[in-house]
Structures are given as structure tokens and as C-alpha cells.
Amino acid sequence: MKNGEAYYGRLFRRRRFWPQIFWLIVLSVGCAFSCIFDSTPLFIASTLAAFLGLTESSRWSHKTNLLVCASAAVIGSVCGVFSWFDTASIFLLLVSVGGFMLYYRDTGKKFMAAVEKFTSEISKEKDMAALVSAAADKIREMTSGDEVFITVADRSGGMYMPGRTGRPGSSIPRNGGAAWKVFASGRAYLAQRIESAKDLPFYRDARSLMSAPLFAEGEKIGVLQIESNVADAFSEEDLQKLELIAFVLSHPLYVKLSPEGGEKEEAKSDL
């Protein structure tokens, strides 16, 4: 924390319902005015703005947003023709696209700066317990109060959550849950709506989750998982960010797990 504010800020932003209603209204009003004024460019501008807005802020998937805007395009294109209103429409198009391009550029810079800070901070930790605790706290700052879980593999092929000493705390049962699926497949996983019998989250009240494998030197060393008590809390974009954070976390974690770091031998003796 710095000056009472989160050090990293919220990189994983919770998706809410009202933005998609707003962008659907923009799409509907734009299509209606394009028909009234016989303006194809206005229709294109409103459709593009609505698509970018839905992609960025709504709970729906990219395919759903594309289908909604494509369906509107099919309906609106039947009525839209060129008119004197074209100049204003093209201006709206340029402003919309340019604004979103600047927004995404700034968002990307913010994310990379946060990852750089994250790397610098966790690399200072001297033992397993401190590393896992610091990483979990810093990732939690990037979320909207979601639960963060870091599991570590042992030499027997099992997984556990490191205790306060850095040694095995609670073992993860081989129940086929999301963490085990990610660990076995080596692929990240997103569940926008958790199915209890299928995903088996760590957090009892979890309604959505995303999980990424921890890899280093070609070896699977664990799983990084974030769970939320809100359905549809994460997107594909969030999952890609989580994979990058998992990649950054994997290497210092691997050092602590190496025989030279003493953790693997200690973990083995305690199992």
C-alpha cells in the first residue's frame, strides 16, 4: 500500500451489467438515426462504437458481442444509404476508434508497469512463505477483493498450499477440480459460471474463477488461481493477464523449490 491506496490498482476489473445496456442503447439509437437520416456512415460508427464498448465492458463473450452487432448490421444495412450526414458520421467514427486506441494503449502501459513492480517486489523475498504470501497479497490488490490461491507441486506428483513456514500446508485432493485440470493439461482455464461438481473451487462461495499453470525450466511447479463470489467476473483478456503474471511468478518460485533453495528437500521430508 502507498499513501492509503492500492499499490497496483485493480487490473482485473469486475464486469457489470449496466454498461452492456448502455451500449445496446447506443447501438439501437444509432441504427434508428441512420435510418431516419439515410446515413450509412452513422450506422457504421454507432455499430463500431457499440462493439468496442461491449467488448471492453460487458459480461458477454466476444462472440456474443460480435453476433449482436452483426445482427444489427444485417437489419440496419437494408435501410441505410449515403446522405449529407456522412461527414458528421465519419467524424464520429474517427473519434470513437481513436479514443479506444488511446485507451487500450494506456491500459497496456499500466499493466506492464504493474507487472514490473510485481516482479521487483516478489524477487526480494528470501523464503517460500514470504514469496507466496507477498505474491498472493499483490495479486489480490489487482482484483476486486477476489480470493487468490497458489499451489505448489511436490516430488510425488501431488500439490499443496505452502504453510506459513513455506513447507507443505494443506494437500490438494485429487478430485478433478479446476486446479488439477490446469496442472495436468498445462493450459489456462476460465469458468465464468462455476459448476460445483465440475470445477470444485477452493473458495466455498466462488461463482467464477480463472486458473493458470506455473511453469519453469520445462517443469510444472504449481497453479495460480483466482476465484470470485460474482458470476462472469473475468474475461478472456483477464485470463491472458493472469498467464503473464503466472509466468513471472514461476521463476522465483522455482528457485525456492530447487534443492539449492532447500525447499524441495524439506517438502519431501515432511510428506
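The values are calculated or read from the model by the stated rules, or taken from the named source; none is laboratory data. The structure presented is a predicted model; accordingly, all values stated were derived computationally and were not measured. Every residue, glycine as well, gets a Cβ built from its backbone with ideal geometry; the counts of neighbours run over all protein chains shown.
Please verify whether the stretch 162-178 includes one or more residues that are modelled with pLDDT of 90 or more and in contact with a strand residue (DSSP E or B) (Cβ under 8 Å, 6 or more places away or on another chain).
Checked against the condition, which is being modelled with pLDDT of 90 or more and in contact with a strand residue (DSSP E or B) (Cβ under 8 Å, 6 or more places away or on another chain), the stretch 162-178 yields at least one hit.
Would you point out the residue of the stretch 52-68, among those that are part of a helix (DSSP H, G or I) and closer than 14 Å to residue 25 by Cβ, that is modelled with the lowest pLDDT?
Per the criteria, the residue is 57.
Are any residues in the stretch 125-141 modelled with pLDDT of 85 or more and either farther than 21 Å from residue 171 by Cβ or among the basic types (Lys, Arg) (or both), and if so, which ones?
Passing the criteria: 125, 130, 134, 137, 138, 139, 140, 141.
Among 263, 227, which is surrounded by 18 or more Cβ atoms within 10 Å (Cβ to Cβ), in contact with a Leu (Cβ under 8 Å, 6 or more places away or on another chain) and either at pLDDT below 85 or more than 25 Å from residue 143 (Cα to Cα) (or both)?
It is 263.
Quick one: residue 40 ticks every box in (1) under 22 Å from residue 235 (Cα atoms); (2) at pLDDT 65 or above bar one, so which box is it?
(1)
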